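Below is one structure, written out as C-alpha cells; the observations come after it.
The values are calculated or read from the model by the stated rules, or taken from the named source; none is laboratory data. What you see is a predicted model, and the numbers here were worked out from it, not measured in a lab. Cβ: placed from backbone, ideal geometry, glycine included. Neighbour counts: every protein chain shown. Surface accessibility is based on the protein's heavy atoms, side chains included, excluding ligands, DNA and RNA. Shrake-Rupley method; radii C 1.70, N 1.55, O 1.52, S 1.80 Å.
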Amino acid sequence: MIHRTIPAVQGPDLSLQSCWQEQLRSVITCPQHLLQILGLNATDLGYSEEALGAFALRVTPAFVARMEHGNPRDPLLMQVLPHQNEMRQQDSAQWQMDPLAESHYRAAEGLIHKYRGRVLLIAAPQCAINCRYCFRRHFPYEENAPSRKEWQQSFNYIREDSSIEEVILSGGDPLVLSDRQLEWLIEEIENIEHVKRLRIHSRLPIVLPARLSERFNRRLSMSRLQSILVIHANHPNEIDEEVCCALRASRDAGITLLNQSVLLRGINDNCDIFTMLSNKLFECGVLPYYLHLLDKVKGASHFQVEKSEALTLYNKLRAQLPGYLVPQLVEEIPGADSKTVIA
Ligand SMILES: *Cc1c(COP(=O)(O)O)cnc(C)c1O
Ligand code: SF4
C-alpha cells in the first residue's frame, strides 16, 4: 500500500481560525471609541445619536485601521458613521423600508427566489459591519432566521425545482457563520444534484480578511460545486496588503473572485477612484462585476448619485480601462426579471 503524503494542516491556520472569530467579537460598536481612535470629534462630523438608534454602528478594527487619522471625510468612515443626514424626512415616500420588494419573493423562510435559475439564501442574520447605505438595513432578520428544520424546507424547495442551478449565500453576511455551520450548509447544497454553482456574497474578505482561512479555501476547492465569491469593495483604500494576500490565496484555491460596488455620493463618485479600484482588484485576482446604483432605502438618500451622472462616470471609465476591468452599471427595479443594465 502506498502512503501518499497528505499536505500537512498548517499550524498558523488554526491560529487564524480563532483569530478571525476573535476579531469578529471585537467589532467596534461605540461611536466615542471609533472617534477616539481616529482623533475626531463628534460635532464636526454630523454624527447623530438618533441615526445610531435607527441602525447600530458596527465596524471591524481591521477596516478602521485603513481609515485616515483625523480625516472627517474619510471615504471608509463615511460608510459606517451614523449621520444626521439619515434622519432627513423629505424623501420619505420614495425611500422605502424594503426597496426591492424582496418580501414578495420569499419562497421559504430565508429563501428568496426572484431570478431564474438562482436562489438567494439569507444565511446569516448579521454582518461584521453595518454599512449606512445598506438596502437590507431594515430587513426583518428575526422573521428570516431559520432553524435547521426550516432550512430543510429551503433545501426541499430547491430540490423540487430542477431549474435552480445556483445557490447564492447572502445575508447579512454568510461568512460570519462558523466554519462548522458553513460546512453543514455547503454539504446540504452539494447533496442537491441539479445545483452546479455555489455563490457567496460577502464583505468579510474586505473587512475581516482573516476569514478566508485555509480551512475555508480547502472546503470550497474540494467541493463538486463551482464556487464564486463576490466580495464588496467600494473604494481602493479598502484593499490593503492583508486583503490582497487573502484574496490571492482563495483565487489559488480555484474560487472565482468578483467584486460589486455601490455608487455613493462623496465616497466614490469619481472616475479616478474606480480606475484605481479596478486596477487594485485585478492585482488581487478579482474582476469587477457590478456597480450598483443605490437602492432607495430609507435613510440613505444623501448617498444618491443621479443616473445621468452615473452614466457619465461609466463612459469615462470605459475610456480609461480595458473592458474586463469595467463593472456593469446596474440598478434593481422591483418586478424586473434581472438586474437592469443601465450602460
Ligand atoms: C442580485 C440577486 C441575484 C443574483 O443576480 P445576478 O445578476 O446573477 O448577480 C439573485 N437573487 C437576488 C434576490 C438578487 O438580488
Ligand atoms: S449586507 Fe453588505 S452592505 Fe449590508 S450591512 Fe452587510 S456588509 Fe454592508
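Here are a few things to note about the model shown:
- For the range 95-141 and the range 18-47, distance of Cα centres in Å: 26
- Cα Rg, Dmax, the chain, angstrom units: 20.1, 76
- When a 1.4 Å probe is rolled over the protein heavy atoms, the share of accessible surface on the range 102-341 that falls to carbon and sulfur comes to 47 percent.
- Positive-end extreme of charge dipole, the range 102-341 - chosen from Leu291, Pro125, Ile158 (charges on Cβ): Leu291
- R0 of 30 Å, Cβ-Cβ distance Ser308-Arg73: FRET efficiency to nearest 0.05: 0.80
- Mean-position separation - Cα centroids, the range 325-343 and the range 156-231, in angstrom: 24
- Label-zone membership for the range 196-221, site Cys19, 7 angstrom Cα→C-beta point, backbone N under 12 Å: 209-214
- Full extension of the chain between Gln153 and Gln84 gives 20.7 nm of extra length, using 0.36 nm per residue less the Cα-Cα distance.
- About the centre of its Cα atoms, the range 177-233 shows a dipole size close to 220 debye [charges on the beta carbon of Lys, Arg (+1) and Asp, Glu (-1) only; nearest 20 debye].
- Highest average first, the peptides 30-40, 244-254 ordered by how many other beta carbon atoms sit within 10 Å of their residues are 244-254, 30-40.
- This model, with +1 at the C-beta of Lys and Arg and -1 at the C-beta of Asp and Glu, gives the range 172-318 a dipole about its Cα centre of some 320 debye.
- Aspartates and glutamates whose Cα lies under 14 Å from that of Lys149, excluding same-chain neighbours fewer than 8 positions away: Glu109, Glu188
- Other residues within the sphere of radius under 9 Å centred on the Cβ of Ala128, judged by their own Cβ, net out at +2 (K and R +1, D and E -1).
- A DSSP coil position with no more than 12 other Cβ atoms inside 10 Å describes the following GluC sites (Glu not before Pro) in the range 244-343: Glu306.
- Report summary: the helix-based calculation at 222 nm, which adds -39500 (n - 2.57) for every DSSP H run with n ≥ 4 and divides by the residues of the chain, gives -9500 deg cm²/dmol.
- Label-zone membership for the range 162-179, site Gln226, 7 angstrom Cα→C-beta point, backbone N under 17 Å: 163-169
- Proportion of all alpha-carbon pairs of the range 12-87 beyond 18 Å (%): 42
- For the range 267-343, the spread of Cα positions along each principal axis, largest first, Å: 35, 28, 22
- Placing unit charges on each Cβ (+1 for Lys and Arg, -1 for Asp and Glu) gives the chain a dipole about its Cα centre, and among Thr256, Thr43, Ala319 the Cα reaching farthest toward its positive end belongs to Thr256.
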